[in-house]
Structure formats: C-alpha cells, structure tokens
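This report concerns only the one structure given below.
What follows draws every value from the coordinates through simple rules; no lab data is involved. These figures come from a predicted structure and were not determined experimentally. All Cβ positions, glycine included, derive from the backbone under ideal geometry; neighbour counts span all protein chains shown.
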Amino acid sequence: MISDHMTALTRFSRLLLLGLALSLGALTMAHAEQSVDANATPDVFLEAVANNMLGAVKASPQALKGEADAIADLVRQYALPYVDMNKTTRLAAGRHWKQATPAQQDALTQAFTGTLIRTYSGAFTRVTVDTRITLQPFRGDPNADDAVVRTTVSQPNSAPIGVDYRLEKTPSGWKVYDLNVEGIWLIQNYRNQFSQEISRNGIDGLIKALNSKSGQ
C-alpha cells in the first residue's frame with residue numbers, strides 16, 4: 001500500500017501539472033500547428049511546443065472528451081520529446097541518484113515519467129476556451145545554457161496563477177526540466193518526497209510506489 005506522503009506528493013503534482021496544462025493550453029488557443037525550433041529563444045520554443053500539443057488535442061475527438069489514455073498518447077508524442085526527464089528525475093532523486101544502479105536509474109526515470117504523464121493528462125482536460133495566459137518578456141541571456149520562462153495564467157472567477165518553466169540548452173536544443181507554480185518548484189517538492197520514500201523502502205520501493213500510482 002502506498003504511503004500517505006506519496007499520496008500527498010500526487011495531490012501536489014496535480015496542482016503543478018494543472019498549472020502546466022493551463023498555461024500550455026492557454027498559449028495555443030488561437031494558433032495553428034507550427035514547427036518547433038529548439039534553438040529559438042526559450043519563450044518562442046515553449047510556445048511552439050504548446051501550440052502543437054493543444055492542436056493535437058483539438059484534432060482528437062477522444063482527447064476532447066477528456067479520455068486520459070488518448071491525451072496521454074498525445075503528451076508522449078508532442079510534449080515529452082521536449083522534456084528532459086532524465087535530468088528531472090536525477091535532480092528529484094538528489095543524493096540518492098548515485099546510490100542507484102544504472103538499471104534502477106532507468107526504472108526510476110520511467111516510473112516518474114509515467115506518473116507525470118498520467119497527472120498531466122488529467123490536468124489537461126481542465127483547460128477551457130476562457131483560459132488566458134500572459135507570457136512575460138524574456139529577460140535572460142539568449143546565449144545562456146539555462147533559462148526561466150515566466151507566465152501568468154488566468155481564468156474567470158479565479159485568481160491568476162504564476163507558472164514558470166526552467167529550461168536547459170542541450171546539444172539538441174532547449175528542453176524543459178522543471179516548473180514552478182506559485183513559488184513552489186516541482187523538483188524541490190519531489191526531492192523531499194522521494195527522500196522520505198527511499199529512506200523507508202529504498203530505491204525499489206520508490207519505483208514501486210510511483211508505478212502503482214501510474215497504474216503499471
């Protein structure tokens with residue numbers, strides 16, 4: 001049975017991924033599909049990924065009905081290639097990452113990926129035509145290897161939500177590896193939760209817990 005703190009982790013991840021889904025969805029309401037230039041400025045890159053993701057959802061009757069499996073398939077195709085899940089998982093595992101065998105590292109990355117895809121897919125069904133986003137001007141160094149893209153998401157009858165994205169410039173271009181919702185970074189939160197689970201049940205216990213929440 002999964003521990004209470006892993007259940008709390010899942011509740012928090014829903015908030016984070018809801019913020020991600022809202023902002024990506026809001027970015028794309030009025031745009032057609034476009035090519036993704038991973039070497040463009042970080043904000044242009046992020047907007048292009050978002051455009052294609054929502055365009056794919058709107059073209060899928062199953063996704064528009066909120067079918068999680070259909071949305072998950074689209075996430076894997078249109079969003080996941082632009083996310084560095086290995087780095088996200090490594091940073092979330094913290095000092096425990098080096099204690100894991102290569103096989104455990106791979107299994108943990110796959111399990112964490114499944115957890116985030118499942119949560120993201122559920123959150124994406126909440127995007128509406130009334131969702132709006134303000135993409136803040138990018139003020140970072142365009143030649144830097146790490147950047148933060150800041151946005152504000154708003155919906156009727158709700159307070160605006162600040163959602164920031166941290167990206168790294170890899171040999172293949174920009175990739176997202178962390179996000180912040182209202183001052184809380186995803187990796188930092190997961191690092192605390194992962195550490196607790198590993199202390200109790202080891203790396204394999206964490207993998208098992210994540211897989212159980214992902215339905216694997």
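Rounded to the nearest Å, what's the spacing between the alpha carbon centres of the range 140-169 and the range 71-125? Just the number, please.
The two parts, judged by their Cα centres, are 20 Å apart.
What is the packing order of peptides 198-205, 146-153, taking the mean over residues of other C-beta atoms within 10 Å and listing the highest first?
146-153, 198-205
Where in the range 134-210 are there chymotrypsin sites (Phe, Trp or Tyr not before Pro) that are in a DSSP coil and have at most 16 other Cβ atoms within 10 angstrom of their Cβ?
Those satisfying the criteria are 138.
May I ask you to derive the FRET efficiency for residue 138 and residue 97 from their Cβ-Cβ distance with R0 = 35 Å, giving the value to the nearest 0.05?
0.70
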